[in-house]
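Step one of this worksheet: look at the structure below.
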Amino acid sequence: MSEPAKRRGAGPDSSNLRVPVGVLISGRGTNLAALLSACAEPGFPARVEMVLSNNPAAAGLERAREAGAATAVVDHRDYPDREEHERAVVKVLREHDVEWVCLAGYQRLLGGSMLREFPGHILNIHPALLPAFPGAHAQRQAVEYGVRLSGCTVHFVDEGVDTGPIILQAGVAVEPHDTEDTLAERILVEEHRLYPEALRLAVSGRLVLEGRKVRVAPRPGRMGR
Ligand code: GRF
């Protein structure tokens, strides 16, 4: 399919020129909401082409519908194994001509199909300063460990659990009275700022992978800054 035909969804605001992104969710979808509102801004270089959930009850699906994004449910319980489920997810993303994938609270580990299909084009947000506290309950781990600083990380997805190259991070102070919930709430504020910024850099072609380091290339016309 030709590039202009792929970038469909033409509108008066040149939304057809924006890079089509698929967002994968499993739950409430506040990061999805942040991405949707960034994509609604004039000049933002991406648009949420579709939102896919493995969980039919995910509240984020409703947010997506309200914003006018296409939605799909690919329930993992309908498939015999992880690989079959993932192949079905890839098929739906391909049907929508998605070029980048954002995991936003998607509670499934990715395997070979997704990584092969979208090499270097899958982002995730994690509520800790990786490589500290990967996996589930990162905010609880941070509180229990007694760190003074935690935060969030947007990273490329690889085959490990929250191990991919780091794109952006934001720090959040951990206060002595913090619980898992109060810390999570403050980290979330930073997540909602960081994820759209990382997506902007990604779809603009400004993330350059050097080994496992990610270099942010200057904006065109701003050499050396
Ligand atoms: C966020 O804390 C994100 O960092 C983690 O899962 C949570 C999803 O929250 N990966 P939401 O569904 O975006 O509100």
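The values are calculated or read from the model by the stated rules, or taken from the named source; none is laboratory data. Being a predicted model, the structure only gives us computed values, none of them experimental. Note that each Cβ is placed from the backbone with ideal geometry, even for glycine, and that neighbours are counted across all protein chains shown.
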**Prompt:** Take the residues of region 98-114 that are more than 16 Å from the ligand (Cβ to nearest atom) and touching a residue at least 60 places away in the same chain (Cβ under 8 Å): which is surrounded by the fewest Cβ atoms within 10 Å (Cβ to Cβ)?
**Reply:** Glu99
**Message:** Name the residue that is farthest from the chain's Cα centre (by Cα), counting only residues in region 120-151 that are more than 14 Å from Thr163 (Cβ to Cβ), within 10 Å of the ligand (Cβ to nearest atom) and touching a residue at least 12 places away in the same chain (Cβ under 8 Å).
**Reply:** Gln139
**Request:** Identify the residue in region 68-77 that is in a loop (DSSP other than H, G, I, E, B) and touching a strand residue (DSSP E or B) at 6+ places or on another chain (Cβ under 8 Å) and, among all such residues, is farthest from Gln107 (Cα to Cα).
**Result:** Ala69
**Fill in**
Pairing a residue in region 71-91 that is in contact (Cβ under 8 Å) with a residue 12 or more places away in the chain with any residue that is of a type in the set (S, T, N, Q) and assigned to a strand (DSSP E or B), where Cβ atoms lie under 7 Å and the two sit 6 or more apart in sequence or on different chains, gives Val73/Ser53
**Fill in**
Considering region 29-47, residues that are in contact with a strand residue (DSSP E or B) (Cβ under 7 Å, 6 or more places away or on another chain) and within 13 Å of the ligand (Cβ to nearest atom), and then whichever is nearest to Arg200 (Cα to Cα), we arrive at Leu35
**Message:** If I filter region 64-97 down to residues being basic (Lys, Arg) and touching a helix residue (DSSP H, G or I) at 6+ places or on another chain (Cβ under 8 Å), which single residue comes out as surrounded by the fewest Cβ atoms within 10 Å (Cβ to Cβ)?
**Reply:** Arg94
**Request:** Give just the number: which of (1) in contact with a strand residue (DSSP E or B) (Cβ under 8 Å, 6 or more places away or on another chain); (2) not in a strand (DSSP E or B) does Pro80 not satisfy?
**Result:** (1)
**Message:** Please pick out the residue among Arg28, Arg65 that is in a loop (DSSP other than H, G, I, E, B) and modelled with pLDDT of 95 or more.
**Reply:** Arg28
